[in-house]
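The values are calculated or read from the model by the stated rules, or taken from the named source; none is laboratory data. All of these numbers come straight from a predicted model, not from anything done at the bench. Counting neighbours? That spans all protein chains shown, and the Cβs are built from the backbone with ideal geometry, glycine included. For the accessible areas, the whole protein counts, side chains as well, though only heavy atoms, and no ligand, DNA or RNA atoms are used. Shrake-Rupley method; radii C 1.70, N 1.55, O 1.52, S 1.80 Å.
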Amino acid sequence: MRLPVALMFVSLVCGAAPAHAQFGSLNDRLKQAQEAKDKLDKKVGDIRISDADERKLGEDVSAKLRQEFGVYQDKDLTKYVSLVGKVLTQGSSRPYLDWQFIVLDTDGVNAFASPGGLIHVTRGLLGLIRTESELAGVLGHEITHVTAKHTARAIQKNKLVSLTAQEVGGSAGLSEAVISQLAGAAYKTIISNAFDRDDEIEADRVGISLANKAGYSPHGLSEVLERLEERNRDQDQPNGLFASHPLVKDRIANIASAITEGKLAASATVAPRYGKHITFTAKPIADIPVIEGARGLTGGESKPKDTKESAPKDAASKDPNQAEQTTEPKKKGGLLGKIGLTTGSQSQNTQTVASAGARGLGQPDRDAKGGSNPARVAIIINPADLVEFKKGIA
């Protein structure tokens, strides 16, 4: 009996060896598979966004903003704001971008910088500002968000998007699907003013430097911030323009320090010219009509894609880019539909928008209703226009 037992023992040991080897081999294969997946997975921070891709991203975000708020159809006013902006961009670190300045048709006091050189200011903000130097301070701030690529930085820091190597593509640039995903994340950042402290401080400091370089008083931005602080003193949470941290008082102090350190001494306010072009004032927060949901962290309300519904009722026979010669802002219609910020399903988008709505209460400037015409106003600015305009900065 001993011999069979011994043989059985040897047999069991020998039989175990292949099983152990197979188990180890499985672990190796799983490890190799994970390593391969890790090599494929990339974060947005690893992606190189070219100037061309950045512009595509900005156009997507701008389309969402224009669909959301509408565009104020006044050619003269748009050209005026654009002239102030163009003067500033000439002194920026990226003067070569195709800079465009768009006035959104809403009473909310706000401004949005889309990547690639698309700057949006609201009609309500223009009504709150009192001088051209104040407008220059605000535009300089928004321009710096673009030149310093703060939106891309915010997406990277917040890890809002995760892509694979295949999605990123090669030298041909980012795919349309990736641009769409990045635009969704960018919109969340921009609509919620979700830039961090360092980005806001940089935008303030560089922005007032741009204004000063053009001849405008660098104190203009502080004056707007003080007015915003007064406007929002009864608000329970940050609202609208410059809603993110740092606190307004800290920002005003930082601006004062930057003016002293940089010896910024320009003094032009150009109040009369501003008053000539902007003849309306901002509505009090309590009088601003707002949407029932909230645009919030994941998106907001917008118009449907049907172009038949995009034009104002009273403009059926007009060119959508034709200026409306008015001295007072027209009261336009409200929202139409929802913006889908990602490539996910309709049910997912509805769910995330509803979630944002629960968090977005009490922000009337951000959640203000908008106009019904998303068409950009076509203007032409030639070198002679800029030369003549600069003569008035005194």
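Which residues, counting only those in the stretch 379-394, are part of a loop (DSSP other than H, G, I, E, B), surrounded by 13 or more Cβ atoms within 10 Å (Cβ to Cβ) and not β-branched (Val, Ile, Thr)? The answer is Gly392, and nothing else.
Within the stretch 261-286, the set of residues being outside any loop (DSSP other than H, G, I, E, B) and modelled with pLDDT of 95 or more comprises Glu261, Gly262, Ala268, Ala271, Pro272, Arg273, Tyr274, Gly275, Lys276, His277. Would you mind stating whether Ala154 is at pLDDT below 85, open to solvent by less than 10 Å² (accessible area, probe 1.4 Å), part of a helix (DSSP H, G or I) and under 23 Å from Glu68 (Cβ atoms)? Answer is yes for this residue.
For the stretch 81-100, check the following and say yes or no: at least one residue is part of a loop (DSSP other than H, G, I, E, B), more than 27 Å from Leu174 (Cβ to Cβ) and either at pLDDT below 95 or open to solvent by 10 Å² or more (accessible area, probe 1.4 Å) (or both).
Initially, the stretch 81-100 is screened for residues part of a loop (DSSP other than H, G, I, E, B), giving 91-99.
Those still in the list that are more than 27 Å from Leu174 (Cβ to Cβ) too: 91.
Now narrow it down to the ones that are either at pLDDT below 95 or open to solvent by 10 Å² or more (accessible area, probe 1.4 Å) (or both): 91.
Yes, the conditions are met somewhere in the stretch 81-100.
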